[in-house]
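For reference, the structure is listed below as structure tokens.
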Amino acid sequence: MINNYIIPIKTAFSIAPIIILLLMGPFSVYQYKKYGYINRLKTIVLISFVFYIVSAFCLVILPLPSYNYIPKEAIKPQLVPFTALMDIGKEFNIMIDKNFSIVQAIFKNKAILQIIFNLMLMAPLGFFITYYFKRELKTIIVITFIVSLFFEVTQLTGNFGMYNFAYRLFDVDDLIINTLGGIVGYYTVPLANKIFPEISNEKREFCKIL
């Protein structure tokens with residue numbers, strides 16, 4: 001189970017530096033030509049954003065299963081909203097029947113953990129778009145939904161034809177929860193602004209690279 005997260009993160013650590021190096025050249029040239037210096041905080045945020053995007057994509061599609069271990073028929077999409085809430089109840093009852101305590105049935109509930117994962121998957125996207133690009137909530141909702149839909153379609157199409165059919169579940173609840181995650185990220189920006197300087201209000205001396 002833990003490999004489902006370790007393998008994607010390791011892959012992201014391998015791929016992200018290459019993408020970052022490819023982007024840093026044009027970004028640095030643009031920054032210097034426009035402002036006469038390279039904005040250090042913007043650079044750090046951009047690097048973090050690229051690493052996040054690569055990690056999120058890897059977490060969605062990896063690890064790739066062997067053809068010998070994928071289902072023999074396509075997994076049907078889950079199109080009923082809020083089924084995840086019913087899954088929480090089902091998992092809770094199963095764990096109670098297996099003599100788990102109420103606390104364990106809550107904190108070790110796989111359905112709850114899946115919801116938390118989906119929230120965390122898109123929360124950074126809402127944060128980065130708000131903090132870096134200064135976008136409004138409605139824009140965050142639209143962008144987060146579109147990115148989430150792209151991930152779900154990737155799964156629905158078997159990674160765009162890499163496999164003969166979907167081997168992972170297309171779940172409408174994932175779209176809802178991921179979008180909520182983007183909203184959570186949006187509302188964390190005011191807190192971040194109390195800790196870090198706002199990009200638009202940075203002093204030149206803070207950003208300048210000699």
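Listing for the model above:
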| read-out | value |
| --- | --- |
| Residue identified as modelled with pLDDT of 90 or more, of a type outside the set (D, E, K, R) and within 25 Å of F196 (Cβ to Cβ) among F49, F57 | F49 |
| Residue satisfying all of: in the stretch 169-191; under 18 Å from L125 (Cα atoms) and of a type in the set (A, V, I, L, M); surrounded by the fewest Cβ atoms within 10 Å (Cβ to Cβ) among these | L191 |
| When residues of the stretch 21-69 are limited to those that are within 27 Å of M122 (Cα to Cα) and not in a helix (DSSP H, G or I), the one farthest from the chain's Cα centre (by Cα) | N39 |
| Only listed residue being surrounded by 13 or more Cβ atoms within 10 Å (Cβ to Cβ), among the aliphatic types (A, V, I, L, M), more than 18 Å from C58 (Cβ to Cβ) and touching a residue at least 40 places away in the same chain (Cβ under 8 Å), chosen from A111, A166, A123 | A166 |
| Among (1) outside the structural domain of V153 (by TED's automatic domain parsing); (2) surrounded by 15 or more Cβ atoms within 10 Å (Cβ to Cβ); (3) among the polar types (S, T, N, Q), the one test that S28 misses | (2) |
| Qualifying residues in the stretch 75-108 (those that are part of a loop (DSSP other than H, G, I, E, B) and surrounded by 13 or more Cβ atoms within 10 Å (Cβ to Cβ)) - the one modelled with the lowest pLDDT | I75 |
| Residue in the stretch 81-92 that is under 16 Å from L175 (Cβ atoms) and of a type in the set (D, E) present | yes |
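The values are calculated or read from the model by the stated rules, or taken from the named source; none is laboratory data. Note that the structure is a prediction, hence the values are computed from the model and not measured. A quick note on method: Cβ atoms are made from the backbone with ideal geometry, for glycine too, and the neighbour counts reach across all protein chains shown.
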